[in-house]
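Quick note: the coordinates plus some simple rules give every number you see, no bench work behind them. As the structure is a prediction and not an experimental result, all values here were calculated from the model. Don't worry about glycine lacking a Cβ; one is built from the backbone with ideal geometry, like all the others, and counts go over all protein chains shown.
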Amino acid sequence: MIDLWLGAGLMLLMALGFLLVPVLRGRRQQMEEDRTALNVALYQERVGELTAQQQAGALDAEQLAKGRDEAARELLADTESVEAPRPETLGKALPLLAAVLVPILGLGLYLHFGAADKVELTREFAEAPKNLQDLTHRLEQVVQAQPESAEGLYFLGRAYMSEQRPQDAAKAFERAAALSGREPALLGQWAQALYFANDKRWNPQVQALTDEALQADPKEVTSLGLLGIAAFEGERYQEAIDYWTRLLAQLPEGDASRAALQGGIDRAAQRLDATAGKVVEQVRLKVRVELAAALEGKVEPGDTVFIFARAVNGPPMPLAAKRVTVAQLPIEVELSDADAMMAQMKLSDFPQVQLVARVSRAGQPTQGEWIGHGTPLAIRTQTLQHLTIDRPDSRENRP
């Protein structure tokens with residue numbers, strides 16, 4: 001910053017010179033005009049003396065003429081060096097006023113529109129950061145100075161993740177994704193930050209981000225690694241192996257993370273072998289859904305009916321669901337892991353569930369006009385359950 005202000009000071013002095021030189025010239029011209037007036041007064045005084053001497057008889061007419069000519073030559077000699085007067089259109093006060101106001105105005109405009117903060121930031125980045133906190137602080141300054149920089153937000157998010165601040169990282173990645181057009185790599189980083197910010201619990205937003213990232217780029221490494229982690233922690237070992245194997249193929253030979261990733265694949269394979277001999281009883285919930293007689297004139301045959309099961313102690317989203325129409329009621333359906341809404345959450349993962357049926361004219365599974373729901377039941381229940389849609393789908397009546 002010192003170099004910047006020194007340069008600005010030199011330029012200011014040059015500008016002041018252009019403004020003040022005319023003023024100084026004006027003063028010199030005034031002095032020359034004063035000297036000319038004095039010479040004229042002396043000339044007139046000399047001519048007066050010669051005339052008085054001629055009248056007194058001391059000089060004749062010829063001597064008087066010679067004396068007057070000599071005085072005139074001296075006057076001309078003194079005035080030849082005087083420059084012709086220049087017209088003054090600005091006056092004397094205006095340049096002086098400008099000399100004071102121009103630097104003040106220039107400084108004010110620079111502080112308002114200039115880039116002093118960016119210059120200072122550049123000088124600061126010329127020095128290596130002392131630690132991770134220092135780097136994060138500098139990246140925060142970059143984002144503050146350039147809020148539309150997707151790159152700055154991306155690196156700030158990575159720094160937050162290194163500091164174990166996933167919530168802040170998720171916000172940074174979300175802003176970066178909005179600016180960059182939802183690049184797959186940013187979506188993967190965003191999903192990973194959300195996953196860790198939610199205490200390593202999977203949710204629909206994380207699933208949607210990883211799906212979008214892999215749809216745009218099937219080789220997006222962060223999404224592949226994250227899906228493998230979630231599958232391993234959910235004891236879906238074959239899925240973990242599949243995702244991590246796809247990720248391993250993207251890493252170059254000699255990459256330090258290849259050994260750790262291969263170790264994860266080996267552990268998943270061992271656990272998969274250990275559970276291969278176990279017979280897991282298939283979860284199948286049977287339910288008969290019907291419409292209350294009082295509602296028959298209040299619904300249309302083409303209205304959508306969603307039949308689903310949700311965890312009693314777990315996430316609010318359905319674990320398994322089927323879709324039918326009012327015209328098909330009454331109907332008997334069977335819900336199982338094959339009807340899972342998300343591969344990471346199945347009926348068999350929860351001990352108790354609740355059955356719900358909803359009529360939605362707009363075809364929205366989360367809200368509708370009429371609803372019916374049962375009481376909590378064990379996941380291994382084999383008996384047929386009965387469910388009647390009989391009440392308005394208001395907030396207080398929702399399960």
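Mind giving me the FRET efficiency for Asp390 and Leu272? R0 is 30 Å, r the Cβ-Cβ distance, nearest 0.05 is fine. If you can, show how the numbers build up before the last one.
Numbers: r = 46 Å, r/R0 = 1.53.
According to the calculation, E is roughly 0.05.
Please list, in chain and number order, the residues 5+ apart from Arg284 or on another chain whose amide H is under 5 Å from its amide H, with Hs placed from the backbone.
Excluding prolines and chain starts, which carry no amide H, there are no hits.
Could you work out how far the C-alpha centroid of the stretch 234-313 sits from that of the stretch 321-383, in angstrom?
Comparing the Cα centres of the stretch 234-313 and the stretch 321-383, I get a distance of 17 Å.
Taking θ as phi - 60°, what are the ³J(HN,Hα) couplings along the stretch 294-306 by the Karplus curve (6.51, -1.76, 1.60), each to the nearest whole Hz, with x for Gly and Pro?
Taking θ as phi minus 60°, the curve returns 5, 9, 4, x, 10, 10, 9, x, x, 4, 7, 10, 9 Hz for the stretch 294-306.
From the backbone phi of the stretch 371-382, what are the Karplus-calculated ³J(HN,Hα) couplings (6.51 cos²θ - 1.76 cosθ + 1.60, θ = phi - 60°) in whole Hz, Gly and Pro given as x?
Here the 3J(HN,Hα) series is 8, x, 8, x, 8, x, 9, 5, 5, 8, 4, 9 Hz.
Under the Karplus relation 6.51 cos²θ - 1.76 cosθ + 1.60, θ = phi - 60°, what is the ordered set of whole-Hz ³J(HN,Hα) values for the stretch 151-166, x standing for Gly and Pro?
5, x, 5, 4, 5, 5, x, 5, 5, 4, 5, 5, 8, 6, 10, x
Give me the number: length gained by fully extending Arg284 to Arg380, i.e. 0.36 nm times residue separation minus the C-alpha to C-alpha distance, one decimal in nm. List each step's numbers first, then the result.
Details: separation 96, 0.36 × 96 = 34.56 nm, distance 0.76 nm.
Between Arg284 and Arg380, full extension yields an extra 33.8 nm.
Taking 1 over the mean of 1/r across every pair of different Cα atoms in the stretch 254-353, what Kirkwood radius in Å do you get? List each step's numbers first, then the result.
Details: mean 1/r = 0.0590 Å⁻¹.
About 16.9 Å, per the Kirkwood formula over Cα pairs.
Show the residues, 5+ positions off or on another chain, whose built amide H is closer than 5 Å to the amide H of Trp370.
Val359, Asp393
How high is the relative contact order of the stretch 284-397? Use alpha-carbon pairs under 8 Å, at least six apart in sequence, and give a whole percent. Write down the numbers at each step before the final one.
Values: 271 pairs, mean separation 37.2, N = 114.
After rounding, I find 33 percent.
Could you tell me the calculated FRET efficiency between Glu151 and Met342, based on Cβ-Cβ distance and R0 = 30 angstrom, to the nearest 0.05? Walk me through the numbers on the way to the answer.
Values: r = 33 Å, r/R0 = 1.10.
Plugging the Cβ-Cβ distance into 1/(1 + (r/R0)^6) gives 0.35.
What translational D, rounded to a whole number of µm²/s, comes out for the stretch 140-275 from Stokes-Einstein when the hydrodynamic radius is the Kirkwood one over Cα pairs, at 20 °C and 1.002 mPa s? Present the calculation step by step, with values, prior to reporting the outcome.
On the way: Rh = 15.5 Å.
The Stokes-Einstein estimate is 138 µm²/s.
Report relative contact order for the stretch 180-292 in percent, whole number only (criteria: Cα-Cα under 8 Å, sequence separation at least 6).
On the way: 95 pairs, mean separation 21.8, N = 113.
Taking the mean separation of contacting Cα pairs over the length of the stretch 180-292, I get 19 percent.
For a quick check: with amide H placed at 1.01 Å from N, whose amide H comes under 5 Å from Val353's, ignoring anything fewer than 5 positions away on the same chain?
Val312, Leu377, Ile379
Listed here are the pairs Lys171/Lys200; Lys171/Lys346; Lys200/Lys322; Lys200/Lys346; which of them are more than 25 Å apart at the Cα?
Numbers: Lys171/Lys200 17 Å; Lys171/Lys346 30 Å; Lys200/Lys322 28 Å; Lys200/Lys346 17 Å.
Beyond 25 Å: Lys171/Lys346; Lys200/Lys322.
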